[in-house]
């Protein structure tokens, strides 16, 4: 039996994609119209592509444009396929791979609720200050912190808060923009 056949007996020859899987941030400029987000999410879902982060916001009200920022993990071959299929959608104006372009800023916002009393409260506030997290709500039993930055910074903050009484986390997803004077 051919080694490229699936164990299921499929007649389709499949080659193993040995390319490195990488995280990429895509910025997609679209018409701000009903259903476009569902179409883009459906494109990913129907082809088995995963979305790690997704943010959408109107960026140019006068022109009726929105920007969708999608973070996905894929091999270069799969990523090229994703970009081509996104570009074929009618309301899509442009697709930029901010990761490949190499000069972008990425930030995320998180609200982190931590409970605790005594020494844990003091340690929680000390660590929050070190991470430049802002207290946006406080009670005798808990704090809610607002923290912005790279996703890795937020993940590190969350992991440090776990043993101190982490209750809940809400994250916005990634917002990204290219550096320099050029527009999308």
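Annotation: of all residues in the range 71-103 being more than 12 Å from residue 178 (Cα to Cα) and in a loop (DSSP other than H, G, I, E, B), the one that is nearest to the chain's Cα centre (by Cα) is 75.
Mind checking which residues of the range 69-82 are touching a residue at least 40 places away in the same chain (Cβ under 8 Å) and surrounded by fewer than 16 Cβ atoms within 10 Å (Cβ to Cβ)? Listed by number, the residues that qualify are 73, 75, 76, 77. Looking at 173, 180 in this structure, which one is assigned to a loop (DSSP other than H, G, I, E, B) and either under 19 Å from residue 53 (Cβ atoms) or touching a strand residue (DSSP E or B) at 6+ places or on another chain (Cβ under 6 Å) (or both)? Being assigned to a loop (DSSP other than H, G, I, E, B) and either under 19 Å from residue 53 (Cβ atoms) or touching a strand residue (DSSP E or B) at 6+ places or on another chain (Cβ under 6 Å) (or both) holds for just one of 173, 180, which is 173. Only one of the numbered conditions (1) surrounded by 14 or more Cβ atoms within 10 Å (Cβ to Cβ); (2) touching a residue at least 60 places away in the same chain (Cβ under 8 Å); (3) part of a helix (DSSP H, G or I) is violated by residue 108, and that is (3). In the set 122, 112, 73, 95, only one residue is in contact with a strand residue (DSSP E or B) (Cβ under 8 Å, 6 or more places away or on another chain) and over 22 Å from residue 23 (Cα atoms); that residue is 112. Here residue 134 meets each of (1) touching a helix residue (DSSP H, G or I) at 6+ places or on another chain (Cβ under 9 Å); (2) at pLDDT 95 or above; (3) closer than 27 Å to residue 52 by Cα; (4) surrounded by 13 or more Cβ atoms within 10 Å (Cβ to Cβ) with one exception, condition (4). Given the criteria at pLDDT 90 or above, within 18 Å of the chain's Cα centre (by Cα) and surrounded by 14 or more Cβ atoms within 10 Å (Cβ to Cβ), does residue 29 qualify? Yes; evaluated as a whole, the condition is true for this residue. Given (1) surrounded by fewer than 16 Cβ atoms within 10 Å (Cβ to Cβ); (2) assigned to a strand (DSSP E or B), identify the lone condition not met by residue 159. Evaluating residue 159 over (1) surrounded by fewer than 16 Cβ atoms within 10 Å (Cβ to Cβ); (2) assigned to a strand (DSSP E or B) leaves (2) as the failure.
Within the range 50-68, can one find any residue that is part of a helix (DSSP H, G or I) and either surrounded by 17 or more Cβ atoms within 10 Å (Cβ to Cβ) or modelled with pLDDT under 90 (or both)? Checked the range 50-68: no residue is part of a helix (DSSP H, G or I) and either surrounded by 17 or more Cβ atoms within 10 Å (Cβ to Cβ) or modelled with pLDDT under 90 (or both). Considered as a group, the residues in the range 137-156 that are touching a residue at least 40 places away in the same chain (Cβ under 8 Å) and in a helix (DSSP H, G or I) include one that is surrounded by the fewest Cβ atoms within 10 Å (Cβ to Cβ), and that residue is 151.
The values are calculated or read from the model by the stated rules, or taken from the named source; none is laboratory data. Fair warning: this is a prediction, and the values are worked out from it, not measured in the lab. Cβ coordinates were reconstructed from backbone atoms using ideal geometry, including for glycine residues, and neighbour counts include every protein chain displayed.
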